[in-house]
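Only one structure is covered here, and it is reproduced in the block below.
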Amino acid sequence: MNFWANFTEGLEISLDQLGEVFDDGLSITDIRLLVYSAILANDQENGNDIDYNEYTVGAWLEDLTTENLNDIVEALTETKILGNNLNMGIKRNVKQSTRPQKKSNP
C-alpha cells in the first residue's frame, strides 16, 4: 500500500483512477515514477535515508533493457491491486509482447 500511496501521489490521481493510467500503456515518466515509488516505499518502511529523487532513479534506469522494462510492467499488472482476483474494478489491458525474445549467447 505504501508503494501505491507514493505512486498515486506522484501521478496526482486517486486509486480509482489508476485504470486510466494503464489504458494507453505507460510512458517513460510513468515507469520512472513507478520504480521510484517502489524504492521510496521500501526505504521509508525500513527507515533508510532517502538520498535520491526521481531523476536519480531515472539515471539508474538508463542501463535497463527493453526486456527489463517489460518485466517491471508485467510485475505491476500482477499486483494485488491490478491482478485478476483483486483488481478493484480496474480494467486491465495486458498486452503480450509481439517482439521476438533475444537469444542468449551460448
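The values are calculated or read from the model by the stated rules, or taken from the named source; none is laboratory data. Treat the numbers as computed from the prediction; the structure is a model and nothing was measured. Heads up, the Cβs are rebuilt from the backbone with ideal geometry, glycines too, and the neighbour counts pull from every protein chain shown.
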- Task: Restrict the check to region 71-91 and report whether at least one residue is at pLDDT 85 or above and either touching a Ser or Thr at 6+ places or on another chain (Cβ under 9 Å) or surrounded by 15 or more Cβ atoms within 10 Å (Cβ to Cβ) (or both).
- Result: no
- Message: What are the pairs with Cβ atoms under 6 angstrom where one residue, in region 37-62, is at negative phi and the other, located anywhere, is modelled with pLDDT under 95 and hydrophobic (A, V, I, L, M, F, W, C)? Sequence gap at least six, or different chains.
- Response: Ser37/Phe3; Ser37/Phe7; Ala38/Phe3; Ala41/Phe3; Val57/Val35
- Query: Of (1) surrounded by 12 or more Cβ atoms within 10 Å (Cβ to Cβ); (2) within 19 Å of Val73 (Cβ to Cβ), Gln44 satisfies all except one. Which?
  - Reply: (2)
- Considering residues of region 23-69 that are part of a helix (DSSP H, G or I) and in contact with a Lys or Arg (Cβ under 9 Å, 6 or more places away or on another chain) only, the residue modelled with the lowest pLDDT: Asp23
- Message: Here's a check for you: in region 27-41, which residue that is under 10 Å from the mean Cα position of the chain (by Cα) and either small (Gly, Ala, Ser) or over 22 Å from Asn70 (Cβ atoms) (or both) is surrounded by the most Cβ atoms within 10 Å (Cβ to Cβ)?
- Response: Ser37
